[in-house]
Structure formats: structure tokens, C-alpha cells
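Trainee: Dropping a structure here in C-alpha cells format, bear with me for questions.
Readers should treat all values here as calculations from the given coordinates under stated rules, not as data from a laboratory. Just so it is clear, the structure is predicted and the values come from calculations on it, not from any experiment. Don't worry about glycine lacking a Cβ; one is built from the backbone with ideal geometry, like all the others, and counts go over all protein chains shown.
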Amino acid sequence: MGLCGSMTGWRCWGSAGALRASVGVMLLGLSLSQSVRPQAACAAAAAPQSLTQPQYQDTIGEETGAGFMAALVHSFLYAVQPNPFPGDLILKIIDFQQVLSNQELIKEILVYSVGFLVCVAIAILYIILMPVVGLFLACCRCCGNCGGKMYQKQTSSIHCRRRTLYWSAFITTVIILAGNICMFKSNEALKVSVDQSPAQLNTTLDNIHNFITAVPQQIDYVVNESYKTIEEVTRNLEGIGYQLGTDIQDRFNGTLAPALRPVRLLNQEITDTNVQLNRLNSSLAQLQSSMDLLQANVTAVKNRINQTLSNSNCHGCENLKPELQSITLDASITVPSLNEFQSAVDKVIKINLTSRIEEVEDYFNSIPQAVTNATKDIVAKSKQLLGDIRSQLSRVTDSIPLSALTNVSGALNTAQREISKITPEVERAEHIRWKVCVAVCCVVLLVVVCNLLGLVLGPLGLTPKGDPTKRSTTANCGGTFLMMGAGFSFLFSWLFMIVVVVLFLLGGNLFTLVCRPWSSGELLKFIDTSGLIPESQSFGLKTNINLSEIYRDCEENQPLWTTLHLDEVINLGDLLNVSKYTERIQQQFENTDITLSTITLLSPEVKNQLSNFSTKAKSFDAAAITQQMNNISRINLNATAKKLNGLAQNQTNNDVKNELQNEAKDLIQIQISIETTIIPQLENLNSTIKSLQSITGKINGTVGEVLSSVGAAQDFLNTNTTQIVKTESRRFLDCQLGYFIAYADWANLTITQQVGRCQPLAGALDTVELVLCSYMVESLNAFWFSLGWCILFFIPSIIFSIKLAKYYRKMKYSDVYENHITMNHIPRAQMKIT
């Protein structure tokens, strides 16, 4: 009868208790159905979150518009300097003393820069000749020569010549104006570039600083995730009783829960059967009491009727005596096998399945604690090994060389401080430069304005066929403006050419020696092969990595692991390999025997009692009592009472007559009592019997299902418990070790593919190139090119302006052309003077 036995372990369960095991399994199902505990999730060891990349600021500033003349300027500079990048020559020039003492090197430098030297020679020639020519022209005109004489010879082609000179001067002025507009625009673009450059450089340095700061943080993040993994495994080991015990219970639940349902149903049916039996006994007792009373009343009335019928004064009463004998009432109500059935029910109730359910619940609820007790030592040893794993994984930070990044970070901070210091000075110098350039642009614009005023006022005031000596003031002003434009051109052009030469040498060489090779990649290759920067071996790297490769990898946003070939220096697989520790943990778990106490679910005695109960329930037959109830319900005393009333009517003796009538009334009253008291009790008894029959009809099947299900559950426990414990233990352990496998894979992938994505480094170089070359150098080259353009066109502008001015200025002497005969109206004396 006992449910809980004591054995050495699950694997030692005996097959004799198979049926009882099934009951216990079903009871366990009840336990689980009443209190469903969440399963400890330890599936597939979810990997840590992806590494968060730092956010970088945008280094692209406002568009300066510096490239509007890039194609034209580049074409000119390519023509001036078609030679390739002089890497070898630069290496020779680095030694300053060698340059001064080596004539061959000086010659090589001059040969390489021959294009620039030719341009400079032309500019020097311009600088020298322009003021000299202007001085001679001024002196000559003051002496009345070179157009200084205010006399204009009239010919047939004078108008054609004037128009030709006008349009030539106009086109030249438009060209100069276009160059002047380019000067204004390039000057403003250079100002915007210089104004933006400190902010862009600081942003670039901030991005690099963020990158350098993020790399150690990312490494620390990877290592800290290992600590989280270890802490998670530690918590799981500390909660092994709950997790592993619950998993074992869940494995049993799939088999035991279905077996529990018929047990619960049987328990309820036993309770209902006992209730209905109690009601049946109570109803029978009540009916028996009523029947006894009824029997006494019927007997008393029957005796009185018999006395009356035996009276000598009763006429014809002898004929009614046979009817009197038919008035019988069987007051004894018996139910065969009821006592045996009640005894079987009482024995089954004494089994107390409810208390057995509670015992099984307590037993299965104790499984987690039993697992905890059995694994206490292995958990302590495993936690020590987890500490060793933590120490090994912490070596990842020490193995990756990050000291160089600290030095670079300090250099960046110094650079930003220096930029902050010199920014005000740069801004002041840029403001002065901008003003000077604006003044130069305005002077060129002044020449353009003088030319345009001359070209506008001259034709407005000119009468083509009028006397040159009588030209209008408007036309004369137009000629004067043309002369002013020519004078300003002579006065300032040679000075502006000096500016052009200086800016040309600066901007042109920056483009050809820095920007052009930078854009083509030659500059990085030169730095790689020149030995100007230390080799990568000096930083602890094995492979000699050049700057070009680093830039290319960073441009593709590759991680530092790939860019610096850290796999040749760091054995990351060995650092992340913790198999030697996990194998020891696994071996310790395999050597640990997790044993649990056992339980006998259903004893043979209980099986016999349930079988006997089923047999008694099946043999219970209510047909006899039903027949008795039918007999009682068919009793009808009204017919006899009617006959007594009829007999009373034929009597002459009033006493006999009254006695017969009273006795008929008594029978009727008894019949009424039967109908009001006995019949309802019979109906209630019939209802109870039907309910009991309905329950007993199910008991046989329920008991059979219980015995079958509990037997199957007991067999399951006897044959599968050991394997289930081993399987769940192995699954739990594999799950914990899976955390380390998932972490190692994630850490390897993160360090080799995500840590230190160096696009900010390539972006920094791109920003410097953009600011220096695309903005500053392009703007500077556009300015001197535009200024040189204007200066070169000053020469034809001077020629056309001086020649055209004579067609608009008022002459002192007239010359008349009529019918192909020239008549000069110049005094003879004057003619002799000239």
C-alpha cells in the first residue's frame, strides 16, 4: 500500500511496481497541470549582440565652387609639366647640402622644371617690357608722336577700320571681363576653403580620435561579453537543480500526464458512487419507514373490515371476503448485493487517492533539490574551471597591441591644440589676402569699366561724317576712357604679373608635385618605397605593410585585423580555445552519478481492490428493487373502497352501513397517503438508482483504463528513467558548453571582421586631399590663371584701345576727304613745324 519507497537511484527501479508507477506518473501530471513551471531556456546559446560601430561626423563642408576652371587649369599645367612624379629626384633633394654642392642635381632639377622656367622667363620678360614700353609710349605721345598728334587723316576706309577696331576692343574687353569674373569667384572660393579648413580638419581629427578610442573599447566589449557568458553559465550551474530537474520532469510529463486523467476520473467516480450509495441507503430507509407505517394502517383497516363482514347483520358480505384477502402489502424492501458493493466502495475510499496525489506531487517537486544535492561537488569544481576560462579570455586585450593607438591619440590632441592656436592667425592672414585679391580684381575691373565706357560713349557721341575737330564731348569722353584703360593696364599689369608668377610657382608645383600624384596614387607609392616612414616591423608586425595597402583596405572599411595582418602576430584561435577547460567539465559531469529516490505507484493489493471494486460495480443489479417499487406503485385500495361503499348501500342496518362506509373512507385515505408519500419516495429512489447505474456503468472501463495507463507509466519509469537522466544531463551540459562555442565564434568573427573598421583613416586622407587640393589649390590656381588671362589680354586691349581712341577724341586739326582729293586745312606755318 505504500507509495514512497527508498532505492539507490532511478536506474534501480523494480519492474514489480509498474502499475503503481503509472499512477504516480499520472499524479505527477496532475501536479504539473496544477502548477506549470516555465522551462529553463538553455537552447542554442544565443550569441551576443553585434558590435556597435562608432558614429563619425560628416567632414564634407560647403561646396566652394573651386572646380569650375579645373579642366582648363589642369590642361595648362599638364602642358607646362608633362613629366611624371619625380620620386627619385625628391629623395635626392631631401639632403639640402647635397643640392648646393651637386651641379648635376641642380641641372636635373632645372631640366625637370623647364616648363615652369619657360613660363617664369616669359613672365619676367613681361614684367620688364611692360613698364618700359609704357614709359616710351608715354614719352613719345608727349612729344606728339605715336598717335600723340591730334590729327586724323580721313580716308575711304576709315569707317571700316573704326568698326574693326571697335569690335576687336569689345571682344578683348569681354574676354578680360570673363577672366575678371573668374578672379572674383576663385578668390571667394579660396576664402571659403580657408575658412572651412580648420573646422574640417578638426572634424577629421575628431573622427580619427573617435576611431582610436573606439578600438580599445570594442576589444573590451568583446572580452566583457566573455565575462557575461561565464556569468550566465555560472548562474545556470548554480540553478542546475531547477533547470535539469524541470527538464527531467518535462520528459516524464509527456507519458505521465495522459495516465493521470483516468486516475482523476476514477477518484471522482468513486466519490460520486459513494454519494449516490449514501443517498440510496437514506432513501431506502425512509421508504421502509413509510412502508412499515402504511402496513400497520392497512392491517388495522383490514381487521375492522373483516369484523364488519363477519357481522350477522351484514347482508351479502360474505361475497366480499375474497376481495378482502387481496388487500396485501409487502413492506419489506431488499436490494441484493448492495452491502457487498458498499463494502467494496468503502475499501476503495480507504485507499485515499487524493493523499497519494499529494505524495507524488511532493516527490516530483523534490526532484530539483535532489539534482542540486547530487551535483553540488561538480558545480563547485566547474565554477573553478570557469574562473580559469575567464583568466584566459582576458589575455585577448593584452595580446592585441594597442599602445601605438595611445601615442597617436596624444599626437591628435596636440595637433588639435595647435590648430586652435593658429586658426586666429590664419583667419587674419586670410582676411588680408582676400582684401588684397579683391583690390587686384577691382583694378582689373576698373580697366574693363574704362574700356566699356569708352566703347559705349564713343559711338553714342560720334558723327561718322562729321569734322574730327568738332566731335562731341561724349565721343571725346569715350576716347578718354579708352586711353585711361590703356594707361591703367600699363601701370598695373607688370605688378600683377609678379603676383601671377609667385602664385603660379606655388599653386602649380603643389598641383604637379602633390595633388596630381596624390589623386593617381603615385604619392602613396612614393612614400611606401622612399623609406620616409618606419617599416611595419618596427611596430611589432611581421609583414611589411605599405601605406597604399592600408589606404586601400581602409577605403573599403576593412577591420584592423585584415589591414594590419594581425593573424601573423596573434593566435586568436588559441586565445579563444577553451576546449581544455570545457572537456574537463564534461568529464566531471560524466563521472558524476545523479541518483534520485524512487516511488512505487500502485501496489498489487491496491490493484486487487480496484479490480474487486470494478467487479462489484459491474454485478450491482437494481432490477429486484425496481420490481419491488413497481409492485408498491401498483397498489390501488380505491377499488376495494368502492365495493365497500356499494355493499353499504344494500345494508338495512345503519350501524353496519356506517361501519362499511367508514372503512371505505379509511382505505381511500390510505390510498391518498400512498400517492402523496410513498410514490414521491419511490420516484426519488428511482432517480438515485438511475444515477448510481449511470456511474457504475462507467466504473469498469475507468478502472481498466487506470490499470492499463498506470502499468504503462510504471514500465516507462522502470525502463527509461536512467536514460532520461543521462540524456537530460548531457543536453544541459552541451547547452552550457554551447555558450562558449557560440561566444568563441562570435568573438572570432567580431575581432577579425568588425573591430577597428578603419574607413575614418582613409576618410581623413580624403578630407585632407579635398581641403588642400580640391578646394585650396584649385581655387589658388584658378585665381592666378584668371589673373594671368586678364594680364595677357591687356596687351591687345592696350593696342585696340589706343588706336580706337583717336576715332572718338576731338582732333585739333581737320582733314577733309572729298571726291578722292584730300584737302588739308592745316596752316602752312603749322605744316612746317610738323
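Trainee: Using packing as a proxy for protection, rank 732-741, 430-439 so that the peptide with the highest average count of other Cβ atoms within 10 Å comes first.
Mentor: 732-741, 430-439
Trainee: If you don't mind, there's one more thing I want to ask. Read phi for every residue in the range 375-384 and hand back ³J(HN,Hα) as whole Hz from Karplus 6.51 cos²θ - 1.76 cosθ + 1.60, θ = phi - 60°, with x for Gly and Pro.
Mentor: Ordered by residue, 3J(HN,Hα) equals 10, 4, 5, 5, 5, 4, 5, 5, 5, 5 Hz.
Trainee: What order do you get for 487-497, 229-239 when each peptide is scored by the mean count of other beta carbon atoms within 10 Å, highest first?
Mentor: Going from most to least packed, we get 487-497, 229-239.
Trainee: Which entries in the list Lys347/Lys607; Lys228/Lys726; Lys607/Lys690; Lys107/Lys525 go over 21 Å, if you measure between the two C-alpha atoms of each?
Mentor: Checking Cα-Cα distances, Lys228/Lys726; Lys607/Lys690; Lys107/Lys525 exceed 21 Å.
Trainee: So if each residue of separation counts as 0.36 nm, and I subtract the Cα-Cα distance between Lys383 and Glu683, what length gain in nm does that give?
Mentor: 100.5 nm
Trainee: Additional query: State the extension gain, in nm to one decimal, for the chain segment bounded by His74 and Ser420, taking 0.36 nm per residue of separation less the distance between their alpha-carbons.
Mentor: 121.2 nm
Trainee: What nm value, rounded to one decimal, do you get for the distance between Leu513 and Asn413 when each label is placed 7 Å out toward the C-beta?
Mentor: 3.5 nm
Trainee: Calculate, in nm to one decimal, what Gln217 and Leu117 gain on full extension: separation in residues at 0.36 nm each, minus their alpha carbon distance.
Mentor: Gain on stretching Gln217 to Leu117: 30.5 nm.
Trainee: Now for a different question. Which order, highest average first, do 559-570, 650-661 follow once you tally other Cβ atoms within 10 Å for each residue and take the mean per peptide?
Mentor: 559-570, 650-661
Trainee: Using the Karplus curve 6.51 cos²θ - 1.76 cosθ + 1.60 with θ = phi - 60°, what ³J(HN,Hα) values do you get for each residue of the range 439-456, in whole Hz, with x for Gly and Pro?
Mentor: 4, 4, 4, 5, 5, 4, 5, 4, 4, 5, 4, 4, 5, 5, 4, x, 6, 8
Trainee: Roughly speaking, what is the centre-to-centre gap between the range 751-793 and the range 248-303 when only Cα atoms are used, to the nearest Å?
Mentor: Taking the Cα centre of each part, the range 751-793 and the range 248-303 sit 102 Å apart.
Trainee: ³J(HN,Hα) across the range 200-205 via Karplus (A = 6.51, B = -1.76, C = 1.60, θ = phi - 60°), whole Hz, x for Gly/Pro?
Mentor: Using θ = phi - 60°, the values come out as 5, 5, 5, 4, 4, 5 Hz.
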